[in-house]
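**Q** Mind looking over this structure? Questions follow.
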Amino acid sequence: MLTVMFQAFDNASPQYKVEKIATVGDSYCGAVFPCPGSSNSTRCTYAIGFACSALPFAGFGLQLRVGVHIDNIVGVFVGCVPPKFDLFGPGIDHARIMEEEGRPGFVHIS
């Protein structure tokens, strides 16, 4: 089921301009990066739309918790063999906490 859900997220990513950053266990991390002509409100709309695309999977008995937070982040390559792209910053921590402590079946937004 997890593979099917992550494939659905990967397929929805281009529509919502979400870049997949990582999958860790049963967690999917994505980001909407700034691009010319996009405002924070536009990026937030994309992130919320993408997050809402996960909710139908709750019908399969999954306890989904989604956290969306708009903030500044820093992206870096970590390590050498193989290098891994990762994101850091208070915004990442805030979204993670919202996801971890959120009510199942809801999208938590700040």
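Since every read-out is calculated from the coordinates, none of them should be taken as a lab result. Computed from a predicted model, the values in this text were never measured in an experiment.
**Q** Can you list the HN-Hα couplings for segment 91-108, worked out from phi with the Karplus curve (6.51, -1.76, 1.60; θ = phi - 60°), rounded to whole Hz and with x for Gly and Pro?
**A** x, 5, 4, 5, 4, 5, 5, 4, 5, 5, 9, x, 7, x, x, 10, 9, 9
**Q** Here is a follow-up. For a quick check: with amide H placed at 1.01 Å from N, whose amide H comes under 5 Å from ARG65's, ignoring anything fewer than 5 positions away on the same chain?
**A** For ARG65, whose amide H was placed from the backbone, the distant partners under 5 Å are GLY105.
**Q** Under 5 Å between amide hydrogens, which residues at least 5 positions from ILE109 or on another chain qualify, with H placed 1.01 Å from N in the peptide plane?
**A** VAL68
**Q** Tell me, Kirkwood radius of the chain from alpha-carbon pair distances, in Å?
**A** The Cα-based Kirkwood calculation yields 14.6 Å.
**Q** Spelling out what I want: for every residue of segment 42-51, take phi, set θ = phi - 60°, compute 6.51 cos²θ - 1.76 cosθ + 1.60 (Karplus), and round to whole Hz; glycine and proline get x.
**A** Rounded to whole hertz, the list is 5, 5, 5, 4, 4, 4, 5, x, 5, 4.
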